[in-house]
Structure formats: C-alpha cells, structure tokens
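The block underneath contains the structure these notes are about, expressed in structure tokens.
Where a number appears in this text, it was derived from the coordinates with a stated rule and is not lab data. In this text the structure is predicted, and so the values were computed from the model without any measurement. Counting neighbours? That spans all protein chains shown, and the Cβs are built from the backbone with ideal geometry, glycine included.
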Amino acid sequence: MSHENEFKSLVWGAVLLVLAACVPLVANGYWMSIALTIAMFTVLATSWSLFSGPTHYISLATAAFFGVGGYLVGTGMSDYNMDFWTMVAIAPVVGAVLAFLIGIATLRLSGVYFVIFTLGLAEMIRTLVSWIQNNFTGSRGLYVLTDLTEADIYIYLVILAAVVYLVGWWVNRSRLGFALRIIGNDETVARHVGINTATSKVILFTFSGFVAALVGALIAPRYTYIEPNGVFSPEISFIVVIMALLGGTGRLWGPIVGVIPFALLQEYINANYSNYSTLVMGIAFLVIVYFLPKGVVGRIEQLLARRGRSTW
Amino acid sequence: MVATVLSVANATKRFGGLVAVNNLSFEVHQNEVMGIIGPNGSGKTTMMNLISGALSVSEGSIGLNGRFISTLTASQINQRGIARTFQLVRVLPGLSVVENCMAGMVFGHRRLWGDQARYEAGKLIERVGLSGKEAVPVGSLTYIDQKRLELARALASSPKLLLLDEWLAGLNPTELQEGIDLIRSLREEGITIILVEHVMDAIRSLCDRCIVMAAGSKIAEGSPGEVLADPEVVKVYIGEDV
Amino acid sequence: MDIIITGLLLGGTYALIAFGLNMQYGVARIMNLANGEFLVLGALAAFWIFVADSISPILTMLIVAPLAFFGNWVIYKALLMPLVRRAKNKGQLEVDSILATFGMSFALVGIMVSIHGEYFTYSYLAEPFEIVGETFALNRIVAFCFAVLIGVALWLWLFFTRPGMAMRAVSVSTEASGLVGINVQKMSALAFALGGAVTTMGGTLISTFITLDASVGVIFTMKALIIIIMGGVGDIRGAIVAALILGLVETTVARLIDPGLTLAAAYAIFVLVLLFRPQGLFGRKPT
C-alpha cells in the first residue's frame, strides 16, 4: 500500500473507532447488549483470522482459550477472593502459555491434525474442569460480581479491538505477515526460502490465544455466574469461525463484516426459533464452503476485479 | 585448486524397504555446472531433496563449503546458501509476481525488505525475462513464465549453490533454447549449479561434468561426452544389445 | 480382569466405527466430521424401531445399513465431489471437506434435536453373561460379536476381492491407482458410502448398551479420529489395535479413576501420539 493509502486507512480506522465508542451514548439496554456481543465477537474473529486466515489452519480452539479466561476470573474471584483486574491480567498470560504449548505440539504437523486437535480441546478442558470442580473445589458455578456495566465492558472491548487491528496492521506489513502468507500458499516453498515455519505459526497462534483468553476474562462480569458448560461451549469456536470466514479473512476488516450480520441473525434465531440455532450454524457453514469460500469481502473483490476496477 | 562447494559422501535414503539413493558420493566445485542424469525412478529428485533438506539422509553425509548440512532443516539449509526449483513448478498463487520473487530474498541470509527488496526483485524479474509481466496474476502466467518466476525466486537468495530439478522439462524448442541460454548466462556469472535433466542437448551444452544414476546408485561420472558414450549408461537408458 | 475384558469388548465395537471413518478418510480422502452423526442416526433408528415394535436392533442394523450406504453415496456425489473437483491441492480439499462436513454435522444434529431432543436408551439383552467366572452384560458381548463379524466380512472383501484390492490401492496413492486403470472417483464414492454404512451399523450396535442423545456424535467422531490417527491412517490392523487400546484405557480410567475423565484420557493418548509418533503405530513415515 502506498503511504497515502495507509494514511487513509488509519484515518478511516480512527473515525470508526470513535463512532464505535459513541454507541453507549445512544443505545438502550437491549441494543447495548447486542453491541457488546458484536464487540466481543469482533475481537475474537479478527484475532482468529490473524492466524487462521493466512495459514489456512482452521483453529477451533477459541472456546478453550475463551473459557480459560472466563474460568480464571470466576475461580479467582469466587474461590480465592482475587481482584477482577488482577485476574484479567493473569488470564491472557495463561491463555498464551496454553496456546504456545498446543502450538509447538501440533503446528509441526499438517493442518488436518491441528483442526482435529482443537476440535476436542474445549470439550476436553471442560470435562477436566468439571471433574476438578466436582471433586476438589465443590462448587459448580462461580460468581463474578463487579460494578462494571455492559457499557464499560463494551468500551474495554472496543479498545482491545483497536489494539488487535493495530497488531494486525503491523503484522501485515511485516516480514512475519509475509511469511504467513507464503506458508498459507505453499509450506514446502516457505521452508525452502528460509522461513522457520513452526516459529511463525506458533507466534501468531500464541497471540490469538492471548487475545481470546483476555476477551473471556473481560466479559466474565456480563454473565455474573460462570459455569464450565457455558464458557467452554464449543459453539463459541464454531461461531467465531463462521463469522470470520463469512466476512472473509483476506482483509483485516473482513471478519467484522461477518460478525455484525451473523450476530444479529443469531439474536433473531435465539429469540424466535431457539431450537434451530444448530441447524442455522450448519447451513451457514455450507453456504460459506459452497458459495462464499473467500467470504463476502472476497467475493465482492472478485466481482470488482472482473469489472476491471482495481481493488485497494 | 578449485574450491569444493558441495560434497556428498555415501548418501543413502531408504523408504521402508525401498532404497531410493544408494551410497552415492560426488563433489561439485566452485562455478561448475554438474548434471545428474538417469532414467526415471533412478533417484535423481530424491538426491536433490536430500541436498535441499526436503528429506533427511538415512545414512551418509552432505557438506556445503566444508560444513555438514545433512542434519539441518530445509530452511536452515536455505539460510546457508542453497536454493532450488521444483520438478513440478511451485509458484505462490496468492502473491504477486514481485512478491514471489521477493520471497527468496527476505528470509535467507540476505534479509532484504521493503523498497530495496522490491527494487532487487524488479532487477531479477528482468534478468529471467519476465519484464512487463509484473502485473499478471501468477496463476495466469504461462508454464515457462512460471518457471522463470521460480528461478527468479531461487536466484533472489544469492545462492552459493543452485539446484535445478528438471527445469527445462515440458518446454517447446523455442522456449528450450531460451531456457538453455538463460542457464548458460547464470553460469557465466559464476553461479554453481546442479542440474537434474532428461534433455540431452542441455546436458551436453551446459554441463562441465555429470553423474549418471540408475536404481539409486552412481553408474558413471565424467564429462557429458564421456558419460553418454559409456556402454553401461547406454544400456540403462535404452536396454541391452542395441 | 473384568476391566480388561470389558475394555476389549468396548474397543472391538469402537474398531468398527473407526473402520467406517478410515474408509472415508483413508480412501476417499474426506475428513468426515459428520461421521459421528451417522452413528447417532443408526442408534436413533434402533431405538425407535425397538421401542415401537420390539424388533431386535440387530435386524434394524440390516435395514439401516443399505439406507446409510445410499445416503452417504448421495452425500458424496452431491456435496463432496464438487469440492474434490474444485480443490487445487490436497490441503485445500482437506480444509474444505472439514468445513463442509462440519456444516453437515450441525445440520444433522439440528434436525435430530428437533425430532428427538432428549436422551434415548433402551434395554436390549441387558442380562448377565458369564465368561471365565466373571459376569458381563450380554448386550456388550453380542455387540462385540457382531462388530467382529462385520469387521471380518469387510476384511475378507478388502483383501480377497478385486474391488477390495482396488480400494486398498487408492488408499495408498490416488495418483498411482489412476495410472493403473482404477476408477478413483468411483472407488472413492464407494468407500465413502461403505464407510458411512459401517459407522451407522456401529451406531446401532453401540446403542444397545450406551445411552446416547442427538448431540453426542461429535465425541464419537473425535474418538474415531483418535483411533485412526493412532493406528495410522488407512491401516486396518493399526485401527483395530488402537481401538482396543482406547477401549481398555477408557474402561480402566472409568472404573479406577472417574467416568468423567474418559474423554480427557482419550485426548491424552492423542497428544502423546501426535508428539511422538504422528504417523501412528503402523503408519508409514511421511516422505
């Protein structure tokens, strides 16, 4: 991108950021709640796509990191009387360490093994945590009681989103981003041009684990009552993947294009046809695979390119 | 005394019960163009894979400029100065022509980036004959242009040793002559090259020396003229009692 | 001793299920994440038919098998072949087929939940049976016996008939098989359909002694995946051995430590395999 274009995108980004921050001023309780959900998924989907986008390694581990974040806050505050912000500081570090360990164990292997591993990860951690709870700590659910309102949490997530976008913007311009794109195109070639593929993948995956755990921690006060079945629900992983792929992982702002409509759709389905939410997710996956493999953004760019106009 | 760039000592590669490369030894000297020829299935590409680090040796060792590389990973070997093209062209479809070329110089021992890398990539693109095609989507390039691009990427790392795996395969006569001329010009710049080929014209006109492989073993070594006249070699290619 | 035999009985039934996925992934190269849902479908069918007409699940199995075969055949032709045609390389096909079968699995779960949302279980042959002085549930033994029967039949087919050999060839190399005149597409479709039928039969068998519900498919998919990766993809001996090991480990953990930890135990095995022998016990080291 030329310097002029870069400046333009930064200005756009700043404008949107300010607009997003103004939402609490105009939104009532119901819409504030939806905005909060959108903010949460925006951060999750964008950080997810920083890793899974260029490398094509579909990570289904989001729920695991998210759950770890939420659970640490819950158990820290409930069982050990820790302060909320202390736990928020600890959670992402634990998430990052977990991601790092998973990364070095599985990212040396092909993408399929990675996907399968992450598929069961949240479920496995959930059963483990449930077992620990049942046998050692006694309680089933944990209380997270703070003074924070939904608007407060929303602002924190918007700030976090801005940070993720900045990191993404920086990575895309850096050697690391270039390396990831090459890895996603052809990993053998990547190795033969001197890229340490394992290191590159692990770094980005660790970052995504860090962010997901941080989101889980920050949003814990919203639920007030943390329960393993809730925070470790594999649905979270699937929804994040759907949103990111629906929007398109080719651009930094692709995922949010998928987050907003799908979050609204989910709201609607849950309110009216809650029995069908799983079916809706299935249909969403199928639509993405067969009709929108590059997401909405990718499809639009394809159509524009065919018309002869240059894309930015 | 000309320096030895690559020394392969008793290299052996087994896949379960199959011995693809059998106790192979040879040396490649500075500025030399060494050809590896042999019938299909003789282990030539496997040998290239062993040198580039795509596969690891079962036995034996490989040394680059005096230091062992047989235990290193492909990316480490690239860092030490070996670059290659692949038998089935591997260009990066999601990247532009310039980026494909840049890929070779960003991560290796050159570590160029940004405007400087783009400039150097531009020069290489010209060098391999792709000028004017920088804006073409990589997937739409013709076969020979994709090969040129892959070569540009390999050259981008200023390799001490360039491995060309059947780079001249699948070209029509005009393209073939262009390709041979291109490789000859690389040789004149002083790059050390190992060439795996089937095209005999290329071998004769480009190679200083060659080795002939059959069923994983070396059956002949010498200048192209000597080797192609060797009755063992003829037998292996054409069959008994011609 | 009791644990060992129960574990082996469980493992034997798992082996059949893994067999199905092995054919789908090993031959057709489709990582079918909806595999577990077909298992549940088989179980659901057995439940309905048993509850409605008291017909033995074994009979249901025979009815369900051709239906599952046909259903999987259609799925392969209609949904998965377009992906095979579209994919430019193996990696992309794997990602696409994972997402597509994921979608299918959700769709199937969604449909099943709206039809029968609760747990389902029924009592079939829940009588004690003595072996070497210890008592076991008869239904587990019967399920095991039939799993072995089906497994042996399949093994005979794979190793002693021409189409079976063709199928084994495709699992080794699709390119080479094509070169020797095997119709890879037809074989892949056949393998996918057969694999689906086998898994569904496994589901019918397993429903005789395990309580299931509509959403539990994913856990079985995970276990089948763990088994075939641990045994080496495409390798039948390996899958059997791995399934028996998994059955043993799960039963041991359930009895001696805690039934809630069976999935964690299976996972732990999986991690160890990935770390130390990713090609599986009998797999070939990737070149």
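Quick check: Cα centre of the range A:4-58 to Cα centre of the range C:210-287, how many Å? About 40 Å separates the Cα centre of the range A:4-58 from the one of the range C:210-287. With all pairs of different C-alpha atoms in the average, the Kirkwood value for the hydrodynamic radius of the range B:96-159 is 11.3 Å.
For the range C:13-216, averaging the sequence separation of C-alpha pairs within contact (under 8 Å, six or more residues apart) and dividing by the residue count gives a relative contact order of 49 percent.
Report relative contact order for the range A:43-202 in percent, whole number only (criteria: Cα-Cα under 8 Å, sequence separation at least 6). Provide the component values of the computation, followed by the final result.
Working: 122 pairs, mean separation 53.2, N = 160.
Relative contact order for the range A:43-202 comes out at 33 percent.
With a Förster radius of 56 Å applied to the beta-carbon distance between B:VAL2 and A:ILE300, the computed FRET efficiency rounds to 0.45. Of the peptides C:254-261, B:212-219, A:113-120, the order by per-residue mean of other Cβ atoms within 10 Å, starting with the highest, comes out as A:113-120, B:212-219, C:254-261.
Using a 10 Å cut-off around each Cβ of peptide C:258-265, what is the average number of partner chain Cβ atoms that fall inside?
Working: counts 4, 1, 7, 5, 1, 6, 8, 2.
Mean shielding count: 4.
Once the Cα atoms are used to define both axes, helix C:162-172 deviates from the longest principal axis of chain C by about 80 degrees.
Bridges between two residues of the protein assembly as shown, per DSSP, are antiparallel at a rate of about 65%.
In degrees from 0 to 90, rounded to the nearest 10, what is the angle of the helix C:217-231 Cα long axis to the longest principal axis of chain C? Taking Cα atoms only, the helix is inclined about 70 degrees. Taking amide H positions as modeled 1.01 Å from N, with prolines and chain starts lacking one, the residues under 5 Å from B:ASN23 and 5 or more places away or on another chain are B:THR12, B:LYS13.
Each Cα pair of the range A:3-311 feeds into the Kirkwood radius, which the Stokes-Einstein equation turns, at 4 °C and 1.567 mPa s, into a diffusion coefficient of 65 µm²/s. With the cut-off at under 14 Å, measuring from each backbone N in the range B:165-184 to a point 7 Å along the Cα-to-Cβ line of B:THR142 picks out B:170-179.
Extending 7 Å from Cα along the Cβ direction at A:LEU109 and again at C:ASP2 yields two label points whose distance is 3.5 nm. Once the gyration tensor of the Cα atoms in the protein assembly as shown is diagonalised, the equivalent ellipsoid follows with semi-axes of 49, 37, 23 Å, ordered largest first.
Mind checking the dipole of the protein assembly as shown: about its Cα centre, +1 per Lys or Arg Cβ, -1 per Asp or Glu Cβ, Debye to the nearest 20? Provide the component values of the computation, followed by the final result.
Working: 55 positive and 54 negative charges, 236 e Å.
In total the dipole reaches around 1140 debye.
Here's the list of lysines a cross-link from B:LYS123 could span, going by alpha-carbon distance under 18 Å and ignoring same-chain residues fewer than 8 apart: B:LYS133, B:LYS147. Rounded to the nearest 10 degrees, the inclination of helix C:90-115 to the longest alpha-carbon principal axis of chain C is 40 degrees.
Between A:PHE291 and B:SER96, the modelled label-to-label distance comes to 3.3 nm, taking each label 7 Å out from Cα in the direction of the beta carbon. Bridgeable aspartates and glutamates around C:LYS88 (alpha carbons under 14 Å apart, same-chain partners fewer than 8 residues away excluded): A:ASP186, C:ASP96.
A straight Cα-to-Cα reach below 20 Å connects B:LYS218 with the lysines B:LYS13, B:LYS44, B:LYS235, residues fewer than 8 places away in its own chain not being considered.
With each label modelled as a point 7 angstrom along the Cα→C-beta vector, the C:ARG237-B:GLN87 pair spans 2.9 nm. Alpha carbon centre of the range B:198-242 versus the range A:249-270: separation in Å? So the separation of the two Cα centres works out to 62 Å. Look at the stretch C:221-232: the mean tally of other chain Cβ atoms within 10 Å of its residues' Cβ atoms is 2. Across chain C, the convex hull enclosing all Cα atoms gives 129 Å³ per residue. The Cα center of the range C:84-119 and the Cα center of the range B:18-93 differ in position by 42 Å. Per-residue extension of 0.36 nm, minus the Cα-Cα distance of B:ASN31 and B:LYS123, leaves a gain of 30.9 nm for this segment.
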